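The values are calculated or read from the model by the stated rules, or taken from the named source; none is laboratory data. Model, not experiment: these values are computed from the prediction. Reconstructed Cβ throughout: ideal geometry from the backbone, glycine too, with neighbour counts over all protein chains shown. Areas reflect the complete protein model, heavy atoms only, side chains present, ligands, DNA and RNA absent. Shrake-Rupley method; radii C 1.70, N 1.55, O 1.52, S 1.80 Å.
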Amino acid sequence: MASDTENDTERLRDLIKRARVVLWDFDGPICGLFAGHSAEKVANDLVDWLEGRGLHGLLTDDERKSPDPHIVLRAVDRRHPGSDLVAELEERLTQEELRATALAMPTPYADPLIRTWKAVGSRLAIATNNSPRVVRTYLASRGLTSCFAPHIYGRIQELNLLKPDPHCLHRALNAMGSASSTALMIGDTPSDLLAADAAGVPFLGYARNEHKEKLLRDAGAETIVASLEPVLKLIRTQA
């Protein structure tokens, strides 16, 4: 009888073998965007900015305490969709993300995996809730722009279309002329998995710690890696 490890490796090999297009989430699988620029501080700064404008009541207590700036942004958008307030808050978040790129930490094995996957003929795209400006800035700093350009699909003005909505995945697939069944999504959050499921795209979870893995397992992810190294090894054996 095959061991769990052998089954996991076989599932991973099958996912990779079928993938002609690889859709990457950005913060997590490619880099730790807020490794040196705390996301929690960014969220707190957004809350403070709102409160400084007398808008304390826009957020619930849980939203005010959230360490995720995207939760703050989307909460305001739900109450004032498409408003100038949301546009200004989104720009503030984008500027904080841009500052974070200078201290972002590359995810181990991500750079060589991206280059190798591209070199063996797969097409790559990014489908993220981060600003596309931020993604382009980071990729340029790592010499990775040509591996993805022009297929970078990030945060848009219609914030209700961010993941877990599959909108950015559909944009990528449509632009690349790819069927969902021949694509693969690499993500590290339940919202990535939900977006992939909604788009009919097979999913590979990346979990850098046990907490991330539990969240993905509880959401229904079947194939999860704690490191991108085994993915890189499998790609190299197929080259």
Worksheet item: Considering the stretch 87-112 alone, what residues qualify as being buried (at least 17 other Cβ atoms within 10 Å of the Cβ), hydrophobic (A, V, I, L, M, F, W, C) and farther than 23 Å from S191 by Cα?
Response: none
Practice prompt. Test E96 against the stated conditions and say whether it is of a type outside the set (K, R), at pLDDT 95 or above and within 21 Å of A75 (Cβ to Cβ).
Written response: yes
Discussion item. Within the stretch 155-169, does at least one residue satisfy the condition of being touching a residue at least 40 places away in the same chain (Cβ under 8 Å), in contact with a strand residue (DSSP E or B) (Cβ under 7 Å, 6 or more places away or on another chain) and under 15 Å from A199 (Cβ atoms)?
Written reply: yes
Response to the item:
The number of residues in the stretch 218-239 that are at pLDDT 95 or above and either open to solvent by 100 Å² or more (accessible area, probe 1.4 Å) or at positive phi (or both) is 3
Discussion item. Checking the structure you have, find out if any residue of the stretch 65-83 is more than 26 Å from L139 (Cα to Cα), free of Cβ contacts under 8 Å to residues at least 40 places away in the same chain, open to solvent by 40 Å² or more (accessible area, probe 1.4 Å) and among the polar types (S, T, N, Q).
Written reply: no
Practice prompt. Take the stretch 186-201 and flag every residue that is surrounded by fewer than 19 Cβ atoms within 10 Å (Cβ to Cβ) and in contact (Cβ under 8 Å) with a residue 60 or more places away in the chain.
Written response: S191
Item to complete: Answer with yes or no whether S141 is touching a Lys or Arg at 6+ places or on another chain (Cβ under 9 Å), of a type in the set (G, A, S), modelled with pLDDT of 95 or more and open to solvent by 20 Å² or more (accessible area, probe 1.4 Å).
Response: no
Worksheet item: Taking the stretch 18-61 as the search range and keeping residues that are free of Cβ contacts under 8 Å to residues at least 60 places away in the same chain and in a loop (DSSP other than H, G, I, E, B), which one is least open to solvent (accessible area, probe 1.4 Å)?
Response: L59
Worksheet item: Checking R136 against (1) part of a helix (DSSP H, G or I); (2) in contact with a strand residue (DSSP E or B) (Cβ under 8 Å, 6 or more places away or on another chain); (3) open to solvent by less than 40 Å² (accessible area, probe 1.4 Å), which single condition isn't satisfied?
Response: (3)
Worksheet item: Out of all the residues in the stretch 153-171, which are closer than 19 Å to T189 by Cα and either open to solvent by less than 30 Å² (accessible area, probe 1.4 Å) or over 15 Å from the mean Cα position of the chain (by Cα) (or both)?
Response: Y153, G154, R155, L159, N160, L162, K163, P166, C168, L169
Discussion item. The conditions are (1) modelled with pLDDT under 95; (2) closer than 19 Å to R18 by Cβ, and D192 fails exactly one of them. Which is it?
Written reply: (1)
Practice prompt. Would you point out which residue out of G57, G36, G32 is small (G, A, S) and in contact with a helix residue (DSSP H, G or I) (Cβ under 8 Å, 6 or more places away or on another chain)?
Written response: G36
Worksheet item: Do we have A179 as without any contact (Cβ under 8 Å) to a residue 12 or more places away in the chain and farther than 20 Å from T9 by Cβ here?
Response: yes
